[in-house]
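Pasting a structure here, questions to come.
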Amino acid sequence: MSDDDSSGWQLTESDPGVFTELLKRLGVPYIVDDLYSLEPESLAALQPVHALIFLFKWVPELASDKSNDNAGHYDTDFPGFFAHQTVNNACATLAVINALGNIAPLTAGPQLMDLMNFTTGMDPQTCGMAITSADWLREAHNALSPPSSISLDGLDLPKKSEDAYHFVVYLPALGSLYELDGLKPYPVRHGEFDGSGEGWLKKAREVIENRIGSYPIGALEFSLLALRDDPLPAMRTRLDVLQGSVEDAEFVDLMNKISNENSKRERWAFENSVRRHNHIGLAHALLLALAKAGKLDLAKAAAQRGMKEYLERRKEMGLDMDES
């Protein structure tokens with residue numbers, strides 16, 4: 001969620017490349033992938049899945065625990081790791097930490113392991129304060145956030161309320177599905193799951209679909225990510241075993257999967273580099289070049305036409321013209 005009380009934490013995007021880079025910086029051998037479907041086939045392709053990271057539009061009317069009979073129950077005696085969100089804008093990284101803290105055994109870099117050991121035995125509020133006070137963690141988080149290069153302070157512009165979005169985690173613990181939401185006082189237990197078949201993911205699908213169903217029909221303010229093992233090491237190990245069978249169908253399929261994974265990592269790396277770059281200088285140089293060439297007015301008129309057409313399309317779709 002976003003507000004003035006960010007304590008130096010910047011907003012991050014719900015993007016698998018951002019989360020995977022954060023895990024890499026934390027020394028954790030996992031990746032995060034987009035989930036476009038909760039169907040068994042989609043989930044099976046990503047196994048093993050350790051947790052689901054769910055982004056949703058925060059609506060005060062739906063935030064009440066009494067707003068949904070299937071919202072689960074607080075577990076005041078949860079023995080696992082749970083930290084409160086004590087500053088705004090940190091919910092993405094806090095969701096990751098809450099997930100990692102309940103994976104055993106956890107492989108991570110020395111800084112994260114020291115932080116996890118330091119917070120052992122702390123209550124959720126103190127734990128959250130300790131996490132968000134870690135300068136190195138805030139720097140790792142902010143390194144993947146777009147730079148804030150323009151300040152509108154002092155211009156007396158009318159303030160416009162913005163939609164707030166929030167990250168929570170769903171994961172298995174003690175034979176039950178749990179929801180870890182840093183804005184809630186305790187972890188939420190959604191009941192036991194059958195360990196056979198899909199296991200905890202079947203229960204998670206039911207809970208998440210029910211939650212999405214509490215929003216207006218057609219609402220799209222959601223994103224779902226899967227925290228999973230990095231598949232590349234296992235793929236490469238299997239490829240070494242199959243090296244003498246280059247004509248084998250499994251070998252060809254494995255080569256294609258490795259190629260797709262590498263392409264995905266390259267795309268993530270490029271997008272993260274663009275995400276971190278300050279483009280204000282480039283935009284200024286382009287505008288200056290257009291002005292010197294006498295083409296700025298034409299470009300401005302074309303942009304205004306494009307915006308007018310965009311607003312008209314939104315109006316035809318019945319969308320709020322103040323939304324963006």
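The values are calculated or read from the model by the stated rules, or taken from the named source; none is laboratory data. On a predicted model such as this, the values are computed, not experimentally measured, just so you know. For neighbour counting, all protein chains shown are included, and Cβ atoms are generated from backbone atoms with ideal geometry for every residue, glycine included. Only protein heavy atoms, including side chains, enter the accessible area calculation; ligands, DNA and RNA are left aside. Shrake-Rupley method; radii C 1.70, N 1.55, O 1.52, S 1.80 Å.
Looking at Leu239, Leu286, Leu254, which one is in contact with a Lys or Arg (Cβ under 7 Å, 6 or more places away or on another chain) and farther than 26 Å from Leu55 by Cα?
Values: Leu239 fails: in contact with a Lys or Arg (Cβ under 7 Å, 6 or more places away or on another chain); Leu286 fails: in contact with a Lys or Arg (Cβ under 7 Å, 6 or more places away or on another chain).
Step by step, each of Leu239, Leu286, Leu254 is checked, and only Leu254 is in contact with a Lys or Arg (Cβ under 7 Å, 6 or more places away or on another chain) and farther than 26 Å from Leu55 by Cα.
May I ask you to list the residues in the stretch 201-237 that are assigned to a helix (DSSP H, G or I) and exposed (fewer than 14 other Cβ atoms within 10 Å of the Cβ)? Step through it out loud before you land on a result.
If we filter the stretch 201-237 for residues that are assigned to a helix (DSSP H, G or I), which is where we start, we get 201-212, 232-237.
Passing the criteria: Glu209, Pro233, Ala234, Arg236, Thr237.
Turning to a different aspect of this structure: Working only within the stretch 95-136, note down all residues that are touching a residue at least 60 places away in the same chain (Cβ under 8 Å) and open to solvent by less than 10 Å² (accessible area, probe 1.4 Å).
Hits for the stretch 95-136 are Ala95, Val96, Asn98, Ala99, Leu100, Leu112.
Can you report the number of residues in the stretch 179-190 which are in contact with a strand residue (DSSP E or B) (Cβ under 6 Å, 6 or more places away or on another chain) and either open to solvent by less than 70 Å² (accessible area, probe 1.4 Å) or of a type in the set (Phe, Trp, Tyr) (or both)?
Here is the first cut: in the stretch 179-190, the ones in contact with a strand residue (DSSP E or B) (Cβ under 6 Å, 6 or more places away or on another chain) are 179-181, 186-190.
From what is left, the residues that are either open to solvent by less than 70 Å² (accessible area, probe 1.4 Å) or of a type in the set (Phe, Trp, Tyr) (or both) are 179-181, 186-188, 190.
Adding up the residues that qualify gives 7.
Looking only at the stretch 263-276, count how many residues are without any contact (Cβ under 8 Å) to a residue 60 or more places away in the chain and either exposed (fewer than 13 other Cβ atoms within 10 Å of the Cβ) or hydroxyl-bearing (Ser, Thr, Tyr) (or both).
Here the count works out to 5.
Look at Glu250 and say whether it is outside the structural domain of Asn89 (by the TED database), acidic (Asp, Glu), free of Cβ contacts under 8 Å to residues at least 60 places away in the same chain and open to solvent by 30 Å² or more (accessible area, probe 1.4 Å). Spell out how you get there, then give the answer.
On the way: outside the structural domain of Asn89 (by the TED database): yes; acidic (Asp, Glu): yes; free of Cβ contacts under 8 Å to residues at least 60 places away in the same chain: yes; open to solvent by 30 Å² or more (accessible area, probe 1.4 Å): yes.
So Glu250 fits the description; yes.
Right, something else. Filter the stretch 238-247 down to residues that are open to solvent by 50 Å² or more (accessible area, probe 1.4 Å) and modelled with pLDDT of 85 or more, then give me how many there are.
Total meeting the criteria: 3.
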